[in-house]
Amino acid sequence: MMNHEELVDLVVEEAIRNGAEDVAALGSLQKTRMVRFYNNKISVIKAWRNLGISIMIGLKERKFVSSYNEISPEKLIGSVKELIKLGEKSKPNYDYVPLPKGPFKYITRDHKEDLAYLSGKDLVEYAEIAIERALKEGAKRVAGTLICNSEDIALKTSANIFVKDNASSLETFVRAFVEKESSGQGISCSTTLKNFKPEIAGLEAAKIAKMAKNPKAFQSGRYSVIFGPFIFANLMNNVMEAASAFNVDAGLSFLNNEIGGNVASPNFTIVDDGTAKNGLNSRVFDDEGTPTKKTVVIGQGKLKNLLHNTSTAKKFKTSSTGNAGWISPSAWNIIIENGAYKENELFKELKNGLYITNNWYTRFQDYRNGDFSTVCRDGIFEIKNGEIINSIKNIRISDNFPRILKSIGAISNNRYWIRWWEVATPTLTPYALVKDIGITKSVF
Amino acid sequence: MFLEDIARYALNYALSHGANYAEIRLQRDNGSAALLKNGNPEVSSLIKNYGIGIRVLAHGSMGFASTNILNRENVSECILEAISMTKSVSRRLRKNIDFSSNIVSNEKWNATPKVDVNSIGFDEKFELLLDIEKATISSCNDFKMPNRLFIIESEETEKIFLNSEGSSIQSSVPRVSFTYILTAYKAGKGTAQRFNQKGETKGWEAINEWNLINFVADETKILGKILKQAVAPPKDDRLDILLGSEVVGIICHESCGHPFEADRIIGREAAEAGESFISPEMLGQKIGSDAVTVVDDPTLPNSYGFYLYDDEGVKARRRDLIKNGFINTFLHNRETAIEFEVETNGSSRSEAYNKEPIIRMANTYMDTGDYKLDELLEDISFGIFMKNFMEWNIDDKRFNQRYVGLEAYEIIKGELKKLIRNPILEITTPALYSSVDAVGKDLSFNAAICGKGDPQQGVPVWTGGPSIRVRKMRLGGLP
């Protein structure tokens, strides 16, 4: 049976033979194991083993893409022919740009600790460690997911590029409940076994859950807020989606300002880094073969760059940032520059307001102006004179992204890697204090 | 077309290597999409997804394995991995999972398209999208539409389901959808956006029936009016709200369908999608007015969430979740049914071969009442008609929800007056359902993709309902 490297080679040769002017084939072999748990018990154990091929073909300025996982050389050859036949009937894309010409020099990542060797038994034991630690700290019920992923990937293009990479990661997030309405979430995610700490995830989740006991209703209004790493990572994922040039062009972005304009507080810097050491989503090349790199999106409050593939770069009269996506560019790893504050100093700086640990369900009224709301969950706390005085429940942030970006105040010096259900792109984030956040609640 | 023998092989292999129960799902999804952005044919795409999902009960635990490398050696290794992982679960963490009984079925069912989407080339799809684009631009009078995104998608899903109890079910379902995102702009007025989707279990004939050129032209005109004319919501303390079908549909989906999923109720989704404010003992309790009946029905012909057998091989049926204001039943799969000591009602669905089947909605809607739209209106002396929405969300217990209107009107003495900009309904679930005093006859549906599970799975659903009247409300938002 052919492997993913041989298959991408086959696809590119076959596409050229059938008249394609541009072709890129991305192949991957992915092995994943997952353990899910709730009420302190394991609910399901999952294992995946998948070989996938994605193809981009350019022909007479038409662009067509496809993903296949019905893998055999015969099927793939047939699919390439079918794709070209169907694609020829498509319409020209006015923004079409040929694939970037290689070869490129890629960085060498000294990153690989292949976690694929971890057995299912290992994962079950790690899950047990997380659950037990949360229970020991006082949690009554513990739920969560533990996942181990290992992927080998290869890209071949008709523009003289053939490049390979691999990655593995080990992640868990734990949600602990002390009461029905008192919960907390903890996380550990790493590309190495050494830095994977399921016991910390369990401990942190239970600590927040205990602090969140007996939550009280709260009043709508504007309050200064310390955002914990989970919620700040979620908000910053939305900022980086808005930084995709495709989304700016589609009207799905509030970052439609001139490059160089002030879009955030002067102390705020956010970058994308496909090369980040320990980045859960690091890869040395993008889907067009352009080397990935560190790209400052907002630097000291100014909009420095959008994220581009070659097509969006042409349209915006700039260069690819190594963030392709054949259709839409996107971030690899989001990294927020740390500030100078210790976490306890942040609370003193806040003095009075709220500390919100987590959120979910962020939705926009208007992507272009940035009006949105998101629901707070897990620990939410009222702060008075720098101290937690109450646990709060049932509130929602109802605000505007450009206003929030310009209202970022103190930022912590510690940062945490976050990736979970509500944070799709791995994010290295500090705590952040943001002024005058709109807080609403149900009227009945 | 399918490698049915690999499915039989996998079933036998699982049973002979420690599984007490095994089910096999071979699934092929063939999809295509044409995307037009700002008048530019951005991309044509094809997706071919095919593989096997194997679920087992072994050693008191549940295992799921999946692969698209369909040779016997690899499939065997995947099954062994799932079973050996179940074996490693300690007694302390073992849940001793079992399934409720089910009738053994041997069925073939299909939804047959009148016009096969595969007979429609990308040229024809883009020509239609370009005609929609032209109609959109020509419908902008004194405002601009700087951003337009139109997508036509189609998908054909074929499945073979086998389980160790002897069930064998084959199915084939075609679906089509149209998604549009419009951004209207006028200097001094800013922007207004509309995001919506149509979808049905049909072939290309659905695209023709939707009359998309006129439909999107009308949507464009109204978005321009909202941008130019809409005024701030009233500050009055109490008012009545008339909710249009689109808003009623999302309400029923979010605050009835989701909290009635039995896996949420027992906490199985607690870490990600959340739990439910509903507890098992609330069955039979009153949660809404007599006017409220909320239904989830996968068997609605041509619906986007249509199926006749679920992904556990259970025959699909209508579920009356709330009946005349009372909590009537929950959505169950075989795992929760045995725990609740009831019969499963066929709510188990999986997005693709590589996803575990879990409890999902299909087509969730409020059942119709007796009122015509003008009868619902005529009894409102002062209020708001919220016809549709953009922003919405709900907490992870499904208790506190928010819907922000897009096309919304002031109602004075039973008549629609000024357009209102972004009125906010922010309310708890019992308060909302208890305040419904009249339900219309005008049932209609919207398509959506509903997300749940880990890894997250998106399944096609309809959300719907007639217009409903909600009394003595107060608008939400910042004071």
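Just so you know, all these numbers are worked out from the coordinates, no wet-lab data involved. Just so it is clear, the model here is predicted, and its values are computed rather than measured. Cβ: placed from backbone, ideal geometry, glycine included. Neighbour counts: every protein chain shown.
Per-structure values
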read-out: For B:Ser289, distant residues with modelled amide H under 5 Å away; value: B:Ser434, B:Ser435, B:Val436
read-out: Calculated from backbone phi, Karplus (6.51, -1.76, 1.60) coupling profile of region A:43-52 in Hz, x at Gly/Pro; value: 8, 7, 10, 10, 9, 10, 9, 9, 10, x
read-out: Kirkwood hydrodynamic radius of region A:1-129, from inverse mean 1/r over distinct Cα pairs, in Å; value: 17.7
read-out: Table column - 3J(HN,Hα) (Hz), region B:338-353, Karplus curve with 6.51, -1.76, 1.60, x for Gly and Pro; value: 5, 5, 8, 6, 10, 8, 5, 10, x, 10, 8, 9, 10, 5, 7, 4
read-out: Pairwise label distance in nanometres, B:Asn106 with A:Lys216, each label 7 Å out on the Cα-Cβ vector; value: 6.7
read-out: Counting all C-alpha pairs of chain A, share separated by more than 40 Å (%); value: 24
read-out: Unit charges at the beta carbon, dipole of region B:346-479: most positive-side option, B:Met390, B:Gly414, B:Leu443; value: B:Met390
read-out: Label-zone membership for region B:18-58, site B:Ser172, 7 angstrom Cα→C-beta point, backbone N under 15 Å; value: B:27-31
read-out: Modelled FRET efficiency - R0 22 Å, A:Lys81 with B:Ser119, Cβ distances, 0.05 increments; value: 0.75
read-out: Listed residue (B:Ser434, B:Asn38, B:Ala232) projecting farthest to the positive dipole end of chain B, Cβ model; value: B:Ala232
read-out: Chain B, helix-only ellipticity at 222 nm - DSSP H runs n ≥ 4, -39,500 (n - 2.57), divided by all residues, nearest 500; value: -6000 deg cm²/dmol
read-out: Cα centroid of region B:270-335 to Cα centroid of region A:267-313, whole Å; value: 44
read-out: 5 Å binning of all Cα-Cα separations within region A:251-352, expressed as whole percents from 0 upward; value: 3, 13, 18, 21, 17, 13, 7, 4, 4, 1
read-out: Neighbouring partner chain Cβ atoms per residue of B:90-101, average, 10 Å criterion; value: 3
read-out: Simple Cβ-charge dipole of chain B, Lys/Arg +1 and Asp/Glu -1, about Cα centre, in debye nearest 20; value: 980
read-out: FRET efficiency, B:Asp236 to B:Asp442 (Cβ-Cβ, R0 25 Å, nearest 0.05); value: 0.40
read-out: Long-range amide H partners of A:Glu70 with built H, under 5 Å; value: B:Tyr50
read-out: Inter-chain shielding of B:63-73 (mean C-beta neighbours from other protein chains, 10 Å cut-off); value: 5
read-out: Gain upon complete extension [B:Lys323, B:Asn211; 0.36 nm per residue less C-alpha separation]; value: 36.8 nm
read-out: Bridge type composition, chain A - antiparallel percent by DSSP, nearest 5; value: 95
read-out: Ranked packing of A:408-417, B:246-255, B:137-146, A:428-437, most packed first, by mean Cβ within 10 Å; value: B:246-255, A:428-437, A:408-417, B:137-146
read-out: Whole-Å distance, taken between Cα centres, linking region B:199-253 and region B:346-361; value: 30
read-out: Mean Cβ count within 10 Å, highest first, over the residues of peptides A:62-72, B:358-368; value: B:358-368, A:62-72
read-out: Selected from B:Ile54, B:Val470, B:His258, residue furthest toward positive end of dipole (the protein assembly as shown; charges at beta carbon); value: B:Val470
read-out: Non-local Lys pairs in region A:174-262, i.e. 8 or more apart or on different chains, that have alpha carbons under 23 Å apart; value: 7
read-out: Contour minus Cα-Cα distance for B:Ala431 and B:Glu341 (0.36 nm per residue); value: 29.4 nm
read-out: Two-site label geometry, B:Asp98 and B:Lys221: point separation in nm, points 7 Å out along Cα→Cβ; value: 6.3
read-out: Nearby lysines by direct alpha-carbon distance to A:Lys315 (threshold 19 angstrom, same-chain neighbours under 8 apart not counted); value: A:Lys60, A:Lys63, A:Lys91, A:Lys101, A:Lys304, B:Lys37
read-out: Segments A:295-302, B:386-393, B:26-33 sorted - mean Cβ within 10 Å per residue, highest first; value: B:386-393, B:26-33, A:295-302
read-out: Average beta-carbon neighbours from other chains, 10 Å sphere, peptide A:367-377; value: 5
read-out: Computed P(r) (all Cα pairs; the protein assembly as shown; 10 Å bins; percent); value: 2, 12, 21, 27, 24, 12, 2, 0
read-out: Test item: Cα-centred dipole of the protein assembly as shown, Lys/Arg +1 and Asp/Glu -1 on Cβ, debye; value: 2260
read-out: Point-charge dipole on Cβ atoms (K/R +1, D/E -1) for region B:327-458, about Cα centre, debye to 20; value: 400
read-out: Estimated [θ] at 222 nm from DSSP helical runs (n ≥ 4, -39500 (n - 2.57)) normalised by residues in chain A, nearest 500; value: -6500 deg cm²/dmol
read-out: Whole-Hz ³J(HN,Hα) from phi, Karplus 6.51 cos²θ - 1.76 cosθ + 1.60, for region A:201-207, glycine and proline x; value: 4, x, 4, 5, 4, 5, 4
read-out: For B:Met473, distant residues with modelled amide H under 5 Å away; value: B:Leu239, B:Asp240, B:Ile241
read-out: Length added when fully stretched, A:Arg363-A:Met1, from 0.36 nm per residue minus Cα-Cα; value: 125.8 nm
read-out: Among beta bridges that DSSP assigns inside chain B, antiparallel share in %, nearest 5; value: 90
